[in-house]
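Undergrad: The following block contains the structure, expressed as structure tokens.
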Amino acid sequence: MKYISTRGQAPELTFEEAMLTGLARDGGLYVPAEIPQMSHDEIAALSGLSYEETAFRVMRPFLGDCFTDDEFREIIAKAYAGFGHAARAPLKQLAPNHFLLELFHGPTLAFKDFAMQLIGQLFEVALKRRGESVTIVGATSGDTGSAAIEAFRGLDAVNVFILYPHGRVSEVQRRQMTTPADSNVHALAVEGDFDDCQAAVKDMFNDFEFRDSVRLAGVNSINFARVLAQVVYYFSSAVSLGAPHRKISYTVPTGNFGDIFAGYIAKQMGLPIEQLVVATNQNDILHRCLSGQGYFKGDTIPSISPSMDIQVSSNFERALFYAYGQDGAAVGQLMNELKTGGFNVSQGAMQALQETYVSGRASEEETMATIKSEWAASGELLCPHGAVGVKVANQLRVADIPMVTLATAHPAKFPAAVEEASGIHPPLPARMADLYERDERVTRIDNDLAALEAHIRKNIAN
Ligand SMILES: *Cc1c(COP(=O)(O)O)cnc(C)c1O
């Protein structure tokens with residue numbers, strides 16, 4: 001199994017190499033050269049299996065011979081052992097033929113744990129075998145950073161530095177990053193906003209002397225291993241609802257397009273998915289693009305669903321790659337145009353995108369109203385991201401096909417908005433009820449590349 005870049009100019013890599021590299025050297029994103037298929041019978045045989053066994057069967061063909069079966073089973077077992085629900089990704093029913101896929105039972109209460117916990121274990125095994133160590137540096141608006149710290153804490157071969165904008169993440173998110181006591185994880189509160197953090201990380205990757213000397217690695221959502229981990233819960237949920245004998249639709253609260261793209265991979269593997277609905281908040285660049293208006297950047301407007309506040313949706317590049325018939329040169333051209341504002345999608349590619357995805361958006365008012373009405377209708381307390389999904393799912397779902405909306409975070413991660421909408425203060429799960437009492441450990445640091453690099457060098461030396 002080889003991995004190729006969406007821009008067609010980087011060397012082909014194995015699964016493990018693509019995972020450890022992250023971004024391709026031509027600026028593109030890695031995708032499998034061919035998407036493995038699962039037959040009707042193989043999908044039917046997933047019925048009744050544990051989440052872990054389903055994960056093994058769905059992901060195994062993508063790994064080539066990078067990991068043995070025994071190694072991979074153990075990696076999966078460790079990855080999901082810390083989840084607070086035996087089903088890992090349980091389904092709840094909201095209404096006739098409408099289901100909620102709860103993806104927030106991991107250690108940091110957002111779906112990012114499904115991928116991050118897995119790649120933490122994959123990195124550990126791969127680096128041990130190679131006798132190497134790496135430094136992971138990432139920028140976060142909240143959820144990715146806490147998931148990464150939780151996944152890599154205590155691992156021998158990895159140091160993790162997470163940059164977040166000082167004063168601009170929720171208290172739960174901050175505490176999840178600052179309270180782990182392990183000496184290999186480091187939370188950095190940067191004097192700046194999220195864009196400053198992201199720019200600083202990019203500058204470190206472009207400082208080749210620094211990049212090589214600390215062996216920098218990235219785990220943001222462009223890493224294909226993260227997408228792959230998310231393919232599993234499409235299979236586990238669809239099979240629970242009667243696939244492959246009937247079709248299932250999905251609505252996905254979308255920002256960087258990683259989660260919905262995992263649904264596309266599941267469909268290409270053979271899972272009978274009818275609709276793949278992209279749900280956006282008021283930052284609706286993806287909805288506008290999928291409605292035929294081109295992909296043109298605007299200003300990001302802060303919302304109550306902050307993990308979807310985005311203008312440059314990185315994984316959309318992968319969707320474009322397939323819509324353009326795997327033409328890397330065409331994708332490279334679009335990404336060049338994006339640097340100066342945006343691009344129009346060709347007629348053929350637009351048709352391909354619209355055959356695969358439908359889209360909708362929810363305003364702030366609609367999101368709040370949905371939290372309130374869903375609480376009254378089913379007793380489910382939605383986080384604002386899940387509420388965007390439920391609102392759009394109700395608009396676009398078709399009769400007779402079960403709709404599954406992805407609940408991407410626990411309501412207790414965004415207590416202020418949830419309480420304002422519903423009057424209910426969402427409590428943290430019992431296993432982390434002491435989060436507010438734990439000691440915090442964080443370094444406040446200037447938005448200055450030299451200061452950041454010096455801090456990282458000093459701390460990995462210890
Ligand atoms: C990251 C995130 C999203 C967006 O997911 P993408 O894969 O980036 O599209 C939605 N909801 C929550 C809670 C998230 O943390």
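Undergrad: Looking at (1) under 25 Å from S170 (Cα atoms); (2) within 16 Å of the ligand (Cβ to nearest atom), find the lone condition where E365 falls short.
TA: (2)
Undergrad: In addition: Quick one: is I285 crowded, with 17+ Cβ neighbours inside 10 Å, within 16 Å of the ligand (Cβ to nearest atom) and under 20 Å from the mean Cα position of the chain (by Cα)?
TA: yes
Undergrad: Scanning for something under 20 Å from A349 (Cβ atoms) and either away from the ligand (no atom under 15 Å from the Cβ) or without any contact (Cβ under 8 Å) to a residue 12 or more places away in the chain (or both), does segment 297-312 turn up at least one residue?
TA: Yes: one or more hits.
Undergrad: Next question, about the same structure. Going through segment 428-462 one residue at a time, which ones are surrounded by 12 or more Cβ atoms within 10 Å (Cβ to Cβ) and closer than 27 Å to Q230 by Cβ?
TA: L428, P429, M432, L435
Undergrad: Another question, if that's okay. Only one residue in V227, V231 is within 22 Å of the chain's Cα centre (by Cα) and closer than 20 Å to V312 by Cα. Which one?
TA: On inspection, the qualifying residue turns out to be V227.
Undergrad: In addition: Pull up segment 237-255, narrow it to residues that are away from the ligand (no atom under 16 Å from the Cβ) and closer than 30 Å to I285 by Cα, then point me to the one that is nearest to the chain's Cα centre (by Cα).
TA: S237
Undergrad: Among what's in segment 62-83 and is surrounded by 15 or more Cβ atoms within 10 Å (Cβ to Cβ), closer than 21 Å to K2 by Cβ and out of contact with any strand residue (DSSP E or B) (no Cβ under 7 Å at 6 or more places or on another chain), pick the residue that is modelled with the lowest pLDDT.
TA: C66
Undergrad: If you don't mind, another one. Which numbered condition in (1) in a helix (DSSP H, G or I); (2) within 16 Å of the ligand (Cβ to nearest atom) is the only one that E380 fails?
TA: (1)
Undergrad: Now, a different point. Could you go through segment 196-213 and let me know if any residue there is among the charged types (D, E, K, R) and under 13 Å from the mean Cα position of the chain (by Cα).
TA: no
Undergrad: Could you say which residue among A349, A417, A393, A330 is more than 25 Å from E171 (Cβ to Cβ), part of a helix (DSSP H, G or I) and within 15 Å of the ligand (Cβ to nearest atom)?
TA: A393
Undergrad: Determine the pairs where a residue that is touching a residue at least 24 places away in the same chain (Cβ under 8 Å), located within segment 212-226, has a partner that is among the charged types (D, E, K, R) and not in a helix (DSSP H, G or I) with Cβ atoms under 8 Å apart, the partner being 6 or more residues away or on another chain.
TA: Every condition considered, the pairs that remain are R215/E132.
Undergrad: Give me a count of the residues in segment 333-346 that are in a loop (DSSP other than H, G, I, E, B), surrounded by fewer than 18 Cβ atoms within 10 Å (Cβ to Cβ) and of a type outside the set (S, T, Y).
TA: Going through segment 333-346 one residue at a time, the tally reaches 2.
The values are calculated or read from the model by the stated rules, or taken from the named source; none is laboratory data. These figures come from a predicted structure and were not determined experimentally. With ideal geometry, Cβ positions are generated from the backbone for all residues, glycine too; neighbour counts draw on all protein chains shown.
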